[in-house]
Amino acid sequence: MNILSGGFPCQPFSAVGRRQGDEDPRHLWPYLVKGFKIAQPQILFFENVANLASLSLKTEWASDIKGTPVL
């Protein structure tokens, strides 16, 4: 079984920060997704702040950004 585990910068999503989400240059989620596609692990385990799930995309790195969650 292949497991990919890690963490990425929380500053773009943290409640104590500016919450710029995907407009923050430290937003690395799109790059992690590319890595997932290359590695194709069976299990992914990543840690980040709770607010990550509450922000919507602001930039156009996804094909449909209207209300699309950052994740």
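Tallying residues that are without any contact (Cβ under 8 Å) to a residue 24 or more places away in the chain, of a type in the set (D, E, K, R) and either farther than 17 Å from Ser54 by Cα or not in a loop (DSSP other than H, G, I, E, B) (or both) within the stretch 1-41 yields 3. Residues that are touching a strand residue (DSSP E or B) at 6+ places or on another chain (Cβ under 8 Å), modelled with pLDDT of 75 or more and surrounded by 10 or more Cβ atoms within 10 Å (Cβ to Cβ) within the stretch 19-71 comprise Gly21, Leu32, Gly35, Phe36, Ala39, Pro41, Leu44, Phe45, Phe46, Glu47, listed in sequence order.
The values are calculated or read from the model by the stated rules, or taken from the named source; none is laboratory data. What you see is a predicted model, and the numbers here were worked out from it, not measured in a lab. Note that we place each Cβ from the backbone using ideal geometry, even for glycine, and neighbour counts take in every protein chain shown.
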